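Step one of this worksheet: look at the structure below.
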Amino acid sequence: MKVLVIPDVHLKPQMFRKAASLMRQETADRAVCLMDIADDWDKQYNIALYEETYDEAIQFAKAFPDTLWCYGNHDLSYLWQRLETGYSSLAALTVQRKLSELRRSVPEMNSVQYVHRIDNVLFSHGGVLNYFVEEYVPKSKYHDVDAVVREINLLEQTEMWNDASPIWLRPQISKMRLYKPRKLLQVVGHTPIEKITKQGNVISCDVFSTYRDGRPIGTEEYLILDTLTWDYCGIK
């Protein structure tokens, strides 16, 4: 299956409009969004931009119901009342309301989760550590990847709000072993990079983030991934 990945959004509604255009051109079979829809540099008072960005996400979800959505730390900070860089107390109720609307807009079978799997590819905001699986998943389920994903998606704030979780991990920096690295490819965002990069069994694709002055850090392209062959490229 060919998948288009929408990485960290951070109040860029145009990302959903462009992704929708690519999907209508049949560039990919389905999409995955790594979220972090909220927050960006010095945008805490621009509530209209929060509204517009979430509205575009909701429209995208309705237009492409097969899309999978992976919570980011910035999204969850508003649900769990955890202060985060760029957190806007003025936008808090807006984000909570729009996240609720987004969850209602997606089919139950594609509900917003921490981790999703397509073939032998795991999609999450930060990545799934082997240590995290061993810590929070029953040992009897370790080799059942679908069971592991289900168990992780049942976890709550206490387990998830830490640097080793799938919403916070930075495998580009951490050298800790990921879950089943010989069997599974992982696709992550969360850490801004200059270009889509594959290191070991991890593809990092947060290439739309910016510096504080608005200059792009990365190439601003979407990852297109074949989930069977693991061949990939970027597309603008």
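The values are calculated or read from the model by the stated rules, or taken from the named source; none is laboratory data. Computed from a predicted model, the values in this text were never measured in an experiment. Every residue, glycine as well, gets a Cβ built from its backbone with ideal geometry; the counts of neighbours run over all protein chains shown. Note: areas computed on protein heavy atoms with side chains; ligands, DNA, RNA excluded. Shrake-Rupley method; radii C 1.70, N 1.55, O 1.52, S 1.80 Å.
Structural remarks
- Which numbered condition Asp42 misses (of (1) without any contact (Cβ under 8 Å) to a residue 60 or more places away in the chain; (2) more than 26 Å from Val121 (Cβ to Cβ)): (1)
Here's the yes/no breakdown for (1) more than 15 Å from the chain's Cα centre (by Cα); (2) part of a loop (DSSP other than H, G, I, E, B); (3) modelled with pLDDT under 95:
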{"site": "Glu159", "(1), (2), (3)": "yes, no, no"}
{"site": "Arg170", "(1), (2), (3)": "no, yes, no"}
{"site": "Ser174", "(1), (2), (3)": "yes, yes, yes"}
{"site": "Pro192", "(1), (2), (3)": "no, yes, no"}
{"site": "Lys195", "(1), (2), (3)": "yes, yes, no"}
{"site": "Ile203", "(1), (2), (3)": "no, no, no"}
{"site": "Thr229", "(1), (2), (3)": "yes, yes, no"}
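- Leading residue by the ranking (nearest to the chain's Cα centre (by Cα)) among those in the range 128-152 that are in contact (Cβ under 8 Å) with a residue 24 or more places away in the chain and surrounded by 17 or more Cβ atoms within 10 Å (Cβ to Cβ): Val128
- Meets criteria (free of Cβ contacts under 8 Å to residues at least 60 places away in the same chain and buried (at least 19 other Cβ atoms within 10 Å of the Cβ)) for Phe123: no
- Which listed residue, of Thr27, Thr67, is β-branched (Val, Ile, Thr), in contact (Cβ under 8 Å) with a residue 24 or more places away in the chain, within 24 Å of Lys236 (Cα to Cα) and open to solvent by 20 Å² or more (accessible area, probe 1.4 Å): Thr27
- Of all residues in the range 85-104, those that are more than 22 Å from Asp42 (Cα to Cα) have Cβ atoms under 7 Å from Cβ atoms of residues that are open to solvent by less than 100 Å² (accessible area, probe 1.4 Å) and in a helix (DSSP H, G or I), 6 or more apart or on another chain, in Glu101/Ile58; Leu102/Tyr54; Leu102/Ala57; Leu102/Ile58; Leu102/Ala61.
- Here Val188 meets the list (1) of a type outside the set (Phe, Trp, Tyr); (2) open to solvent by less than 20 Å² (accessible area, probe 1.4 Å); (3) farther than 25 Å from Arg30 by Cβ almost entirely, failing just condition (3).
- Which listed residue is buried (at least 24 other Cβ atoms within 10 Å of the Cβ), assigned to a loop (DSSP other than H, G, I, E, B) and in contact (Cβ under 8 Å) with a residue 60 or more places away in the chain, from Val32, Val9: Val9
- For beta carbons closer than 7 Å, sequence separation of 6+ or different chains, a first residue in the range 156-169 that is in contact (Cβ under 8 Å) with a residue 12 or more places away in the chain and more than 8 Å from Val128 (Cα to Cα) and a second that is in a loop (DSSP other than H, G, I, E, B) and among the small types (Gly, Ala, Ser), the qualifying pairs are Glu159/Ser165; Ile167/Gly72; Ile167/Gly126; Trp168/Gly126.
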